[in-house]
1. Return a yes/no flag: does the range A:311-332 have any residue that is more than 7 Å from chain B (Cβ to nearest Cβ), surrounded by fewer than 24 Cβ atoms within 10 Å (Cβ to Cβ), within 39 Å of the chain's Cα centre (by Cα) and touching a residue at least 40 places away in the same chain (Cβ under 8 Å).
2. Out of all the residues in the range B:102-121, which are under 21 Å from residue B:247 (Cα atoms) and at pLDDT 75 or above?
3. Report, by residue number, each residue of the range A:300-310 that is surrounded by fewer than 24 Cβ atoms within 10 Å (Cβ to Cβ), in contact (Cβ under 8 Å) with a residue 24 or more places away in the chain and within 25 Å of residue B:437 (Cα to Cα).
4. Given the structure, is residue B:243 facing chain A (nearest Cβ under 7 Å), buried (at least 19 other Cβ atoms within 10 Å of the Cβ) and touching a strand residue (DSSP E or B) at 6+ places or on another chain (Cβ under 8 Å)?
5. Identify, from the list B:347, B:375, the residue that is outside any helix (DSSP H, G or I), touching a helix residue (DSSP H, G or I) at 6+ places or on another chain (Cβ under 7 Å) and surrounded by fewer than 23 Cβ atoms within 10 Å (Cβ to Cβ).
6. Is it the case that residue A:394 is in contact (Cβ under 8 Å) with a residue 40 or more places away in the chain, touching a helix residue (DSSP H, G or I) at 6+ places or on another chain (Cβ under 9 Å), in a helix (DSSP H, G or I) and over 18 Å from residue A:376 (Cα atoms)?
7. Does residue B:207 count as touching a helix residue (DSSP H, G or I) at 6+ places or on another chain (Cβ under 7 Å), buried (at least 18 other Cβ atoms within 10 Å of the Cβ) and within 13 Å of chain A (Cβ to nearest Cβ)?
8. Kindly indicate whether any position in the range B:186-204 is in a loop (DSSP other than H, G, I, E, B), in contact with a helix residue (DSSP H, G or I) (Cβ under 6 Å, 6 or more places away or on another chain) and within 11 Å of chain A (Cβ to nearest Cβ).
């Protein structure tokens, strides 16, 4: 049932102020944690502390996950150490890893010491993997059975060793040393005769991730195999954890957000636009704008070399924005398409010549289209106005030819720059649309004035 | 095990040419369909027909999903009608819907008639939902039990009515009329005492999708609830299908690709960059470039009004690219951030004033930063060069002040344009970076020359 956010918050708030714990429990019983957690996360920290004492551990953990980092910090200070320990123990291992990772090291160590011995081991193991790696997001709640068992024995084992938090969609088969032999969908266990051997359900086909894999790489593997969960194995093929598809949705979203922000000419914000501190956002945005600005200064330098020509034919200056922005647009377009195709793994770096051929052809066609439109625009305008005198046809030819060259050049630059960046080990998404546009602006001016020199002057 | 693509293809091809069906079967037995399907999909259509006769239906279906639309079409023509029927019956309902949807209507109807009666009903039901709706991607392979049954009865029922293709991670509880009462993870059944009533496992908490929901909306629901599958119910709360998280990964990827392509100033390609036909791609790219070009023509018109001022102070033209591109970059940046935040549901349209306040502050700060750098650049340069004579300080002040105004203006335009578009019912992502840049170019010129008129002329 959908919850009326503002009413619900007021009601819970009142119950908390009245210390009406049974009323609170009744109120919370019928709602999904994911529905009410974002609403409850807006309560003042003092009320949150009371709430956490009264509500289920599951709900506490859900609400905690929605708090801003500062609020988390503050809340932990108002709770007693056993309460903090209970809360931390309740958090899913991957969420807890993310939280601990944000803390100063000494505080993180203290928190770690409050975990139960098993949970501490889990947290330490997860923290040892590099950020944005599969190891950081995997969960250790998986069930592994042996090939020699019957389905009945396996199901009994699963029942006894069932874990609390994560989904159980696949059952993993390992040998005595923990080496992964196969993964089997739980439904196959349900559908099988209880006396069948587990080995009879095995087909030996499975895909695995490595804990050091980049999360973005894992995303490609998930897309390829259409699985709800994938096992993570170490170098010796030993099963050490699993990653579920619903967690990958967050990775996919974060990856796309990061790429989109870079393509738009900003450092990745790493926090939601609506909640990031203004100064932090300005810092991230300013850094790229300043770099672009410094690059764009070269246009003034380039133009100063052509000052005499400009003075002779002021009409040339009228088309500067039109001509260079067309090159910039063509470049942004090509860069964006190539960067996305690279991110989706549609082609490899060694295919660069295929991309270059495509962009040579596409850039030429696009340039001809814009060139013809630009030419016609000037020729037709010249019938009604004298601003292009004395030689409107020469102006039209100059602009038309320059457009073909600049659009072609922009498409080539835009498509090749991401590949060069990737080859050099940089993130191709940093060769964002504005970067390509800036580069093409400077070179575009040179093309434009060179064409003008040849045709008009 | 990873498969050596080129070797594998050659070996399979040889087996097919020798009509060695047992050898083929042995060769294919140890590989995952998802691994070999993209490799096999590259075989010539004649060999594919032979392959489909020899290999498992599951592999046929997997390979079929990887074929380009033209190859699918051609292959279906070389297969006999019973072979086509078997293949179509084997495809997962959502893949089949996607394929039928691409066919001309008469051919689609013919294909429908070849399906088994139940599969036909499934396909027709799915086809009746609008494109990009939840209805199109849901699968009807779910298992529903009654609350009054025991866990043992429910498991027996699941065993008997187990379906072949999709995952079974959740068991759905419905009443006699098929109204959804709850969803329960399969693992809870496994962990429960067989004599427990199903109703004892229920908590009445579940999230649902509607078949007419946009797939992008479903993505937000999946992200919120962290589920591997969500039930789809009709207006009367009757359970009609399920959607799984792994299918949402494709939606997330397509959604991001579409947004990224639009943000980069291109119509969404709807096909991979590497395989889309060149003319089709040029058409999609040209349409936006031409619109941008027509918009950018207004810069020439705007500048022609200031031709006299330009003639008086040629030095002004040197900074045109720098000044307008700074406004364009600031606008692209703001637009990209706001569009992405909208797509992620971080804020609602009615919060527009919050966004505006943020961008007013951010734009002013960014403008001041660039304005100061621009001012200093000209003042310092003037010590070494005479191109800014007779009044370098006035030039520096003009450029500096214009930059503050233009960057502020660009940030405001960039952030508000997506909101206006969304309010008018358009996709905010179409207010891409290049569109905002074009808009800001024209208005930026007017700001620049107005400042120049006030300060210098």
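1. No: the range A:311-332 contains no residue that is more than 7 Å from chain B (Cβ to nearest Cβ), surrounded by fewer than 24 Cβ atoms within 10 Å (Cβ to Cβ), within 39 Å of the chain's Cα centre (by Cα) and touching a residue at least 40 places away in the same chain (Cβ under 8 Å).
2. Just the residues of the range B:102-121 that are under 21 Å from residue B:247 (Cα atoms), to begin with: B:102, B:119.
Result: B:119, single match.
3. Passing the criteria: only A:302.
4. no
5. Values: B:375 fails: outside any helix (DSSP H, G or I).
The conditions single out B:347.
6. Details: in contact (Cβ under 8 Å) with a residue 40 or more places away in the chain: yes; touching a helix residue (DSSP H, G or I) at 6+ places or on another chain (Cβ under 9 Å): yes; in a helix (DSSP H, G or I): yes; over 18 Å from residue A:376 (Cα atoms): no.
Considered against the rule, which asks whether it is in contact (Cβ under 8 Å) with a residue 40 or more places away in the chain, touching a helix residue (DSSP H, G or I) at 6+ places or on another chain (Cβ under 9 Å), in a helix (DSSP H, G or I) and over 18 Å from residue A:376 (Cα atoms), residue A:394 comes out as no.
7. no
8. Looking through the range B:186-204, at least one residue is in a loop (DSSP other than H, G, I, E, B), in contact with a helix residue (DSSP H, G or I) (Cβ under 6 Å, 6 or more places away or on another chain) and within 11 Å of chain A (Cβ to nearest Cβ).
The values are calculated or read from the model by the stated rules, or taken from the named source; none is laboratory data. Computed from a prediction, not measured in an experiment: that's the story for all the values here. All Cβ positions, glycine included, derive from the backbone under ideal geometry; neighbour counts span all protein chains shown.
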